[in-house]
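K.L.:
Before we start, here is the structure in question, set down as structure tokens.
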């Protein structure tokens with residue numbers, strides 16, 4: 001995976017969380033993921049096809065996503081209910097779409113599947129592609145967020 | 001989602017588990033999923049694009065997938081390690097590919113993303129598409145298996 005293909009996911013995450021959840025997130029240095037240790041309690045996953053095949057995940061702690069969805073819906077969210085899962089699906093979809101638009105400008109044409117949302121305390125995620133999985137950690141006032149991407153090439 | 005689009009996933013699951021893991025699985029009646037209750041401890045997820053967008057998941061209990069991967073690898077598997085997750089990714093990929101081949105014969109042309117594997121006791125999965133999520137339950141000597149598919153149309 002080319003390094004220039006990572007920034008669109010980083011930029012999209014910053015843009016979308018600011019626009020949709022009024023949340024400023026600060027990216028730290030992306031790194032190659034060496035294991036599939038738990039990265040969160042709620043994750044959105046979306047597959048991509050086209051010029052290559054890949055997958056994107058965005059993982060939140062329970063506290064973090066409750067704060068984010070509270071911001072999005074304008075009401076206090078106290079549990080990981082279906083509204084939260086739907087919101088994670090929407091965020092995942094829009095981040096994927098925003099990143100794919102920027103990748104298209106760089107010459108990589110990708111289509112997105114529908115999102116799937118996983119909820120379970122401390123679940124582990126493993127992307128099974130031919131290339132490495134790149135993790136992008138973010139810090140925010142709501143808590144930590146991790147975006148992961150993996151492409152076949 | 002047309003009913004005729006469900007059988008290819010059912011058939012592929014039966015075929016692939018028999019071929020790859022020497023496991024006979026019996027499908028029960030598919031149903032429309034009404035909630036996102038826990039369906040398993042390890043799941044493989046894959047996105048599809050093309051004539052429509054969608055996602056596929058296959059979920060196993062921990063005991064069930066350990067038995068299946070023991071069959072696949074010819075050695076006793078005692079924990080959900082990276083070998084198990086890689087095997088779930090491979091099964092998901094091959095079931096998706098087999099189902100897409102049969103769907104193509106029915107006039108639906110789909111491409112598959114790479115698989116993502118989730119491990120976490122009792123995790124919940126929610127597919128966020130415009131259509132209903134269809135769940136296909138299977139019974140086997142190794143334990144219960146659930147396949148879910150959701151398409152935008």
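K.L.:
Tally up the residues in the stretch B:48-66 that are under 22 Å from residue B:120 (Cβ atoms) and either touching a strand residue (DSSP E or B) at 6+ places or on another chain (Cβ under 6 Å) or crowded, with 19+ Cβ neighbours inside 10 Å (or both), please.
P.N.:
Here the count works out to 11.
K.L.:
A follow-up question, please. Count, please, the residues in the stretch A:88-115 that happen to be touching a strand residue (DSSP E or B) at 6+ places or on another chain (Cβ under 8 Å) and facing chain B (nearest Cβ under 10 Å).
P.N.:
Qualifying residue count for the region: 11.
K.L.:
I would also like to ask the following. Taking only the stretch A:10-40 into account, find how many residues are closer than 26 Å to residue B:82 by Cα and buried (at least 22 other Cβ atoms within 10 Å of the Cβ).
P.N.:
2
K.L.:
So is residue A:59 in a strand (DSSP E or B), modelled with pLDDT of 95 or more, away from every other protein chain (no Cβ under 14 Å) and under 16 Å from the mean Cα position of the chain (by Cα) or not?
P.N.:
In short, no.
K.L.:
Hey, any hits in the stretch B:94-103 for a residue that's at pLDDT 95 or above, surrounded by fewer than 22 Cβ atoms within 10 Å (Cβ to Cβ) and out of contact with any helix residue (DSSP H, G or I) (no Cβ under 9 Å at 6 or more places or on another chain)?
P.N.:
No, the stretch B:94-103 contains no residue that is at pLDDT 95 or above, surrounded by fewer than 22 Cβ atoms within 10 Å (Cβ to Cβ) and out of contact with any helix residue (DSSP H, G or I) (no Cβ under 9 Å at 6 or more places or on another chain).
K.L.:
Could you run through the stretch B:122-148 and say how many residues are at the interface with another protein chain (Cβ under 7 Å from one of its Cβ atoms) and touching a residue at least 60 places away in the same chain (Cβ under 8 Å)?
P.N.:
Adding up the residues that qualify gives 7.
K.L.:
Which is facing chain B (nearest Cβ under 8 Å) and either outside any helix (DSSP H, G or I) or in contact with a strand residue (DSSP E or B) (Cβ under 8 Å, 6 or more places away or on another chain) (or both), of A:45, A:80?
P.N.:
It is A:45.
K.L.:
Considering the stretch B:7-42 alone, what residues qualify as being within 14 Å of the chain's Cα centre (by Cα), part of a loop (DSSP other than H, G, I, E, B) and farther than 27 Å from residue A:54 by Cβ?
P.N.:
The answer is B:30, and nothing else.
K.L.:
Check residue A:82 against each of (1) surrounded by 15 or more Cβ atoms within 10 Å (Cβ to Cβ); (2) more than 16 Å from the chain's Cα centre (by Cα) and name the one condition it does not meet.
P.N.:
Just one mismatch for residue A:82, condition (1).
The values are calculated or read from the model by the stated rules, or taken from the named source; none is laboratory data. Note that the structure is predicted; figures quoted are calculated from it, not measured. Heads up, the Cβs are rebuilt from the backbone with ideal geometry, glycines too, and the neighbour counts pull from every protein chain shown.
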